[in-house]
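Notes for the one structure printed next.
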Amino acid sequence: MTTLSQRRYHITTFGCQMNKADSERMAGILEDMGFEWSEDPNNADLILYNTCTIRDNAEQKVYSYLGRQAKRKHEKADLTLIVAGCVAQQEGEALLRRVPELDLVMGPQHANRLKELLESVFDGNQVVATDAVHIIEDITKPRRDSKVTAWVNVIYGCNERCTYCVVPNVRGVEQSRTPEAIRAEIEELGRQGYKEITLLGQNIDAYGRDLPGTTPEGRNLHTFTDLLYYIHDVPGIDRLRFATSHPRYFTERLIKACAELPKVCEHFHIPFQSGDNELLKAMSRGYTQEKYRRIIDTIRRYMPDASISADAIVGFPGETEAQFENTLKLVEDIGFDLLNTAAYSPRPGTPAALWTNQLSEEVKSDRLQRINHLVNIKAYERSQRYFGRIEEVLVEDQNLKDKTQVMGRTCGNRLTFFAGDINELKGQLVKVKITEIRAFSLTGEPIEVRQPVSV
Ligand code: SAH
Ligand code: SF4
Ligand code: F3S
């Protein structure tokens, strides 16, 4: 029998930034318990899949990975197998029936409780933790993938009821962290040398609604905009980003704050999902395409160069060709720097999955191809404006395809490559003259390294 301190773990993460952030915290807990990282899952004594169920193909991927490790457990009886995240929450005990080799099934709200759940597993139990809980403040140190950029959760869960979406079912109701806890985490990151923070929430504009306190006029004291003002001057941090914004709650006050606060990057991720008002209604999104356009206009009035990214769904139940064309028109008119597109996938426990007006796979994949074609053209057009310009790039890593180059992002979130030594440049802000453009990335020549605004 191996002792606990020699055990090795591997985590595979599927899905969104929330899951990536949760995985980093769970990795921190495992290292605290004496586990060591194993790059190769086949050498690990503990395997954790942090799963996503946003679309059917995401869920199926999990089962194929899991099947392989479940087999391995027949030869290695002391292998600990964990399914965490959104599939775990959705399937709960049904997962144990499907894969009896599992030791632990734990929903996303339980990520910070990994240690106590595992202790119960090591006592010989098969554990399912999917009940709704108050998310405990984090006391462990995440094992972060990057030394330059870091995620910080500000609000967990989602209270919206978009008719296609599993997230409220699997992530639970909104729970905001206190501004003090968020600032303390960012201050610690600043001390550790991190330069860029991305604040995370499924619907970040909902931040603070569940926290007590109002102004004399009755406005909530703790809106997301207030949070930005409260944390923007943390020493050592050069850049602040946030995601995801919801058009229903997005305010001009937030736009002003972003224009005013120098560390906040001029990049907005505001999913619109559809460019057709009837479909937006069927999706229960709570805004019209006209309102969405007004938001983008306002952003561009304050920050003409701001980059805009979004998500869109094609082939939603009942979507006609004309309605799909309204989405294409929106993409054409706005010109997104990046657009994540997906064909609608019916999800268990969501209203739209039960509707009888589902479209065929052929129609969905044809529309997906058509929108992606347009997205590429528009992104390339948007890239043009960078040509010849000097952009500030925060260096994150080596370019894995060309080790003589480093890679980082512009303030507008464009991936940028240029010649340089990662050992010298990691975590530095470098002024780069852009000499080559592609739809989603740039190449340039370094001009000078900027001294940080704060130390
Ligand atoms: N909270 C964010 C998005 C969360 S899910 C928001 O409100 O915009 C990320 C993206 O997945 C969504 O923006 C949507 O475009 C896509 N998505 C969600 N459910 C989907 C489904 N059932 N089929 C296809 N795409 C879906
Ligand atoms: Fe899903 Fe809508 Fe919540 Fe986004 S806002 S996570 S799409 S329910
Ligand atoms: Fe997927 Fe869960 Fe995120 S379903 S997209 S990992 S919130």
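Here are the numbers:
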quantity: Estimated D of segment 4-129 in µm² per second, where Rh is the Kirkwood radius over Cα pairs and Stokes-Einstein applies at 25 °C, 0.890 mPa s; calculated: 173
quantity: Shape call, segment 9-73: gyration tensor on alpha carbons, a/c limit 1.5; calculated: oblate
quantity: Under Karplus coefficients 6.51, -1.76 and 1.60, residue-wise ³J(HN,Hα) of segment 325-338 in Hz, glycine/proline x; calculated: 5, 4, 5, 4, 5, 4, 5, 4, 6, 7, x, 7, 6, 7
quantity: Overall Cα dimensions of segment 149-385 - principal axes, largest extent first, Å; calculated: 52, 43, 37
quantity: Isotropically averaged projected area of the chain, using the convex hull of Cα atoms (one quarter of hull area), nm²; calculated: 22.7
quantity: Members of 73/141; 263/378; 256/364; 195/433 lying beyond 32 Å, as alpha-carbon distances in this model show; calculated: 256/364
quantity: Built amide H within the under 5 Å cut-off of residue 234, gap 5+; calculated: none
quantity: Sites residue 445 and residue 360 - FRET efficiency at Förster radius 41 Å, r taken between beta-carbons, to 0.05; calculated: 0.25
quantity: Hz values of 3J(HN,Hα) by residue in segment 151-161 - Karplus curve (6.51, -1.76, 1.60), Gly and Pro given as x; calculated: 8, 9, 5, 10, 9, 9, x, 7, 9, 6, 9
quantity: For residue 128, distant residues with modelled amide H under 5 Å away; calculated: 105
quantity: Net charge, residue 254 excluded, C-beta distance under 11 Å - Lys, Arg +1, Asp, Glu -1; calculated: -2
quantity: Excluding exposed DSSP-loop GluC sites (Glu not before Pro) (at most 14 other C-beta within 10 Å), longest clean stretch of the chain; calculated: 218-455
quantity: Alpha-carbon centroids, segment 169-222 and segment 318-372: separation in whole Å; calculated: 32
quantity: q = 0.17, 0.18, 0.26, 0.29 Å⁻¹, segment 387-450: log10 I(q)/I(0) [Debye, one scatterer per Cα]; calculated: -0.44, -0.50, -1.10, -1.38
quantity: In nm, spacing of pseudo-spin labels at residue 187 and residue 210 (7 Å Cα→C-beta vector); calculated: 2.5
quantity: Two-decimal Rg/Rh across segment 71-168, once Rg and the Kirkwood Rh are taken from alpha-carbon atoms; calculated: 1.01
quantity: Per-pair calculated FRET efficiency, R0 = 45 Å: residue 376 and residue 221 via Cβ, rounded to 0.05; calculated: 0.55
quantity: Spin-label zone in segment 403-422 - amide nitrogen under 14 Å from a point set 7 Å from the Cα of residue 232 along the C-beta vector; calculated: none
quantity: Ellipticity estimate at 222 nm from DSSP helix runs (n ≥ 4, -39,500 (n - 2.57)) divided over the chain, nearest 500; calculated: -10500 deg cm²/dmol
quantity: Å³ per residue enclosed by the Cα convex hull of segment 167-237; calculated: 98
quantity: Solvent-free Debye scattering, log10 I(q)/I(0), computed from the Cα coordinates of segment 270-362 at q = 0.15, 0.19, 0.22 Å⁻¹; calculated: -0.59, -0.89, -1.13
quantity: Long-range amide H partners of residue 314 with built H, under 5 Å; calculated: 342, 343, 344
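A short reminder: the numbers here are calculations on the coordinates, not readings from a lab. Just so it is clear, the model here is predicted, and its values are computed rather than measured. All Cβ positions, even for glycine, are placed from backbone atoms using ideal geometry, and neighbour counts span all protein chains on display.
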